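I have placed the structure first, in the form of structure tokens, so that the comments after it can refer back to it.
The values are calculated or read from the model by the stated rules, or taken from the named source; none is laboratory data. Keep in mind the model is a prediction, meaning the values are calculated, not measured. Don't worry about glycine lacking a Cβ; one is built from the backbone with ideal geometry, like all the others, and counts go over all protein chains shown.
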Amino acid sequence: MRADGATDVRRVLSVAVLGLLEVMVAGRLVVFTAGRLQTLLAVLAMSAGETVSVDYLATAVWEGSLPADVRKTVQTYVTRLRAVLGTELIGTRPNGYMLHAEPDQVDALRFLRLLDAADAAPDVRAERIRLEEALALWRGMPFEGLRSGWLADLETPRLVERYLGAVERRADLDLAAGRPGPLVGQLGELLARHPLRESLWLRLLVALHRSGRRAEALERYQAVRVHLADELGVDPGSDLQRVYADLLADRAPAVTCRGCPLRGRSIAVAQRRTR
């Protein structure tokens, strides 16, 4: 027990939300029978060690169909969650509840911390190590299998954006180190899921050119140009157009958006932010 009466859970609890929800308590896999219990835990986990208000929990779990008695219903679900996890792992506060866990016990929070550490790394080697540690935690779409529009709309996009940005930064490091070959397949797989993300296309074109596949790079540019026109009614952005010009002139294109404020953004994301 800690001095404040809460159990020391540093080696007791782990919550993984970067993919299907996986929860371990003292080495035991926890099985949930109710979807809302999973969502409740996921919301608490994303604020591990901090108080989450009753109103916030209710909005996240029940969204537009709030129960008649919000406080009592949330209390009932917390009681059920305690029965699954252990009473000592969820604390009661005057205006809400807290998951007794360190941020690193939640894979999404550890993921974000590692990416922040990569951004602040003193050199490329240290940055690469932190990036690899973070990306190794990614098992699939965050909160996969949970029926929660709140998580899907608010939490998932920011985690996916950080993930894609990390993949792109790692690609930049690989290109700078003269390792373009493996990137072609990796970036191609990501583009199948994010076909409007120009920053991924840019790196794919550069990787293709540096792998001696200039003709294929030119073909891929035409494909993305048509796709952007059909889906969004826009032309490729200036960075992609610059790479295309380099390809036409058979010059070595470069990735030059390392420090740009919207590094890694897609057109679709930018449009949503301006609505």
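When both residues are 6+ apart or on different chains and their Cβ atoms are under 7 Å apart, which pairs have a first residue that lies in region 208-233 and is surrounded by 11 or more Cβ atoms within 10 Å (Cβ to Cβ), and a second that is basic (Lys, Arg)?
These pairs meet every condition: Leu208/Arg220.
Can you pull out the residues in region 128-170 that are under 21 Å from Leu21 (Cα atoms), small (Gly, Ala, Ser) and surrounded by fewer than 20 Cβ atoms within 10 Å (Cβ to Cβ)?
Answer for region 128-170, where residues must be under 21 Å from Leu21 (Cα atoms), small (Gly, Ala, Ser) and surrounded by fewer than 20 Cβ atoms within 10 Å (Cβ to Cβ): Ala136, Gly140, Gly145, Gly149, Ala152.
Give just the number: which of (1) out of contact with any helix residue (DSSP H, G or I) (no Cβ under 8 Å at 6 or more places or on another chain); (2) closer than 23 Å to Glu50 by Cβ does Leu109 not satisfy?
(1)
Does region 101-127 hold any residues that are in contact with a Leu (Cβ under 6 Å, 6 or more places away or on another chain) and crowded, with 19+ Cβ neighbours inside 10 Å, and which are they?
Step one: of region 101-127, the residues in contact with a Leu (Cβ under 6 Å, 6 or more places away or on another chain) are 101, 103, 105, 107-108, 111, 118.
Correct list: Ala101, Gln105, Asp107, Ala108, Phe111, Ala118.
Is it the case that region 62-72 has a residue that's more than 21 Å from Gly145 (Cβ to Cβ), in contact (Cβ under 8 Å) with a residue 12 or more places away in the chain, in contact with a helix residue (DSSP H, G or I) (Cβ under 6 Å, 6 or more places away or on another chain) and not small (Gly, Ala, Ser)?
Yes, region 62-72 contains at least one residue that is more than 21 Å from Gly145 (Cβ to Cβ), in contact (Cβ under 8 Å) with a residue 12 or more places away in the chain, in contact with a helix residue (DSSP H, G or I) (Cβ under 6 Å, 6 or more places away or on another chain) and not small (Gly, Ala, Ser).
Restricting attention to region 58-89, which residues are touching a Phe, Trp or Tyr at 6+ places or on another chain (Cβ under 7 Å) and modelled with pLDDT of 95 or more?
Scanning region 58-89 gives a single hit, Val78.
Taking Thr79 as meeting all but one of (1) outside any helix (DSSP H, G or I); (2) out of contact with any strand residue (DSSP E or B) (no Cβ under 7 Å at 6 or more places or on another chain); (3) of a type in the set (Val, Ile, Thr), write down the number of the exception.
Answer for Thr79: the failing condition is (1).
How many residues does region 171-181 hold that are buried (at least 19 other Cβ atoms within 10 Å of the Cβ) and of a type in the set (A, V, I, L, M)?
Looking only at that region, the number is 1.
Quick one: how many residues across region 187-219 are assigned to a helix (DSSP H, G or I) and closer than 23 Å to Glu161 by Cα? Steps first, please.
Kept after step one, since they are assigned to a helix (DSSP H, G or I), are these residues of region 187-219: 187-193, 198-210, 214-219.
Pick out the ones that are also closer than 23 Å to Glu161 by Cα and you get 187-193, 198-207.
Total satisfying the criteria: 17.
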